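Each remark here refers to the structure printed beneath this line.
The values are calculated or read from the model by the stated rules, or taken from the named source; none is laboratory data. None of the values given here were measured: they were computed from a predicted structure. Here the Cβ positions follow ideal geometry from the backbone for every residue, glycine too, while neighbour counts run over all protein chains shown.
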Amino acid sequence: MSQLGKQSVQFEKPVYINGSASIVGTKEGEGPLGLLFDMVGEDDMFGAQSWEEAESSLQKDAVHMALGKAGRRAEEMRYIFAGDLLGQSIASSFGLMNYEIPMFGVYGACSTCGESISLGSLAIVGGFADNVVCVTSSHFASAEKEFRFPLGYGNQRPLSATWTVTGSGAFVLGKYKEEKTRAEIVGITTGKIVDYGLKDSMNMGPCMAPAAASTIAQHFEDFGSVPEDYDKIITGDLGTVGQRVLLDLLRDKGYDISAQHMDCGIEIYDADSQDTHAGGSGCGCSAVTLSAYVLKQLEEGNWKKVLFVPTGALLSKTSYNEGQSVPGIAHGLVLVSPK
């Protein structure tokens, strides 16, 4: 393992994604990626009594499915890295307690998937674990209640708003390559908090785009790479508005990623038929898209190398109500095909 530049680490030996699972709600199942998800709920309550309990159920089932696909038991996991959008990360704590796996709770807003996999990878590369599991989730209804308005209020959403994905993605990381390995993690670029002073929580794409631009540009500098080195450069949930901001900011820095860029929030919904405005967001957005779509392309060798950069808006209902701005953060993972 070697440190590169200001914010990156390159692994001398890869960390392997040996299993993953994606579980989503009904709306996500109706989208363009619907047939790729491992499970689509019949309704968004998932048999629970509350939205928060439903989200906990998502995490519990995603971990169970990922472990099964990797051929592993919970007892073989040294650590679990988990997070969500709710206060005190209750979706993770209530959903995962019965696994009795030593747990690190993480919070990077919608970038939590990248953060948890980065930390899990560092634990393995550092010799502190042979196998870990990383999981995150979001739920449209629980997030609306946490950050905006309860569904019964019936508020209107502006066209710049994104739709919080109902879903959970779980990933089993291992020290050794196996027959079921889906992708290899060969490096990370950890993002820093970037704040351009924007305050509109209904337009989070532009709030997060500066952080994505910062991480991607720093990644190129640290690794000595250029956009053409990657089949895809994938952000988490900037949506259509944030995508335009990202491309402009990176052009100002001397990088044109328009040919390689893909955004999970744009891919997961059909903008014409699903009325999701700017696209998708939430901790589950990048996680389920990574598991269902991105890893499939790497696993099959259709893509050889991607830069995966989930993005997060670091606001809370308290900071928003006190008139604070919406800082962003983005974490980068370098993923290569196991073929």
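Do you know which residues across segment 117-172 are assigned to a helix (DSSP H, G or I) and of a type in the set (Lys, Arg)?
If the condition is that a residue be assigned to a helix (DSSP H, G or I) and of a type in the set (Lys, Arg), then Lys145 is the only one that fits.
Answer yes or no as to whether Arg72 is basic (Lys, Arg), assigned by TED's automatic domain parsing to the domain that holds Val40 and either within 29 Å of Thr189 (Cβ to Cβ) or at pLDDT 95 or above (or both).
yes
Does Ala141 satisfy the criteria of being in the same structural domain as Lys60 (by TED's automatic domain parsing), farther than 14 Å from Leu315 by Cβ and in contact with a Ser or Thr (Cβ under 7 Å, 6 or more places away or on another chain)? Talk me through it step by step, then tell me what you get.
Values: in the same structural domain as Lys60 (by TED's automatic domain parsing): yes; farther than 14 Å from Leu315 by Cβ: yes; in contact with a Ser or Thr (Cβ under 7 Å, 6 or more places away or on another chain): no.
No.
Determine, yes or no, whether Lys180 is surrounded by fewer than 24 Cβ atoms within 10 Å (Cβ to Cβ) and under 30 Å from Thr276 (Cα atoms).
No, not satisfied.
Do we find that Lys339 is farther than 22 Å from Leu246 by Cα, among the charged types (D, E, K, R) and not in a loop (DSSP other than H, G, I, E, B) in this structure? Even if it seems obvious, please write down each step before you answer.
Details: farther than 22 Å from Leu246 by Cα: yes; among the charged types (D, E, K, R): yes; not in a loop (DSSP other than H, G, I, E, B): no.
Considered against the rule, which asks whether it is farther than 22 Å from Leu246 by Cα, among the charged types (D, E, K, R) and not in a loop (DSSP other than H, G, I, E, B), Lys339 comes out as no.
When segment 202-256 is examined, which residues are found to be in contact (Cβ under 8 Å) with a residue 60 or more places away in the chain and more than 24 Å from Gly282 (Cβ to Cβ)?
Of everything in segment 202-256, those that are in contact (Cβ under 8 Å) with a residue 60 or more places away in the chain and more than 24 Å from Gly282 (Cβ to Cβ) turn out to be Gln218, Glu221, Asp222, Phe223, Asp229, Tyr230, Asp231.
Restricting to segment 219-260, and then to whatever is among the polar types (S, T, N, Q), surrounded by fewer than 22 Cβ atoms within 10 Å (Cβ to Cβ) and under 22 Å from the mean Cα position of the chain (by Cα), can you tell me which residue is farthest from Ala278 (Cα to Cα)? Quick ask: steps written out before the conclusion?
Applying the first criterion (among the polar types (S, T, N, Q)) to segment 219-260 yields 225, 235, 240, 243, 258, 260.
Then drop every residue that is not surrounded by fewer than 22 Cβ atoms within 10 Å (Cβ to Cβ), which leaves 225, 240, 258, 260.
Subset that is under 22 Å from the mean Cα position of the chain (by Cα): 240, 258, 260.
Details: Thr240: 5, Ser258: 18, Gln260: 20 Å.
Per the stated criteria, the residue is Gln260.
Out of curiosity, is Leu295 under 14 Å from Gly236 (Cβ atoms) and not assigned by TED's automatic domain parsing to the domain that holds Leu35?
Taking the combined requirement at face value, the residue does not satisfy it.
Cβ-Cβ distance below 7 Å, separation of 6 or more or different chains: which pairs start in segment 91-120 with a residue that is closer than 19 Å to Ser8 by Cα and end on one that is acidic (Asp, Glu)?
So the pair list comes out as Gly108/Glu115.
If Ile23 meets every condition in (1) surrounded by 24 or more Cβ atoms within 10 Å (Cβ to Cβ); (2) touching an Asp or Glu at 6+ places or on another chain (Cβ under 6 Å); (3) farther than 20 Å from Lys180 by Cα apart from one, which number is that one?
(3)
Being among the hydroxyl-bearing types (Ser, Thr, Tyr), at pLDDT 95 or above and out of contact with any Gly (no Cβ under 7 Å at 6 or more places or on another chain) is the filter here, so list the residues in segment 94-149 that pass it.
The answer is Tyr99, Ser118, Ser121.
For Tyr293, work out the one condition from (1) closer than 23 Å to Ser142 by Cα; (2) out of contact with any strand residue (DSSP E or B) (no Cβ under 8 Å at 6 or more places or on another chain) it doesn't fulfil.
It is condition (1) that Tyr293 fails.
Filter segment 68-91 for residues that are part of a helix (DSSP H, G or I), touching a helix residue (DSSP H, G or I) at 6+ places or on another chain (Cβ under 6 Å) and buried (at least 18 other Cβ atoms within 10 Å of the Cβ) and give the result.
Within segment 68-91, just Ala91 meets the criteria.
When segment 289-332 is examined, which residues are found to be in contact with a Leu (Cβ under 9 Å, 6 or more places away or on another chain) and in a strand (DSSP E or B)?
Hits for segment 289-332 are Lys305, Val306, Leu307, Phe308, Val309, Thr311, Gly328, Ile329, Gly332.
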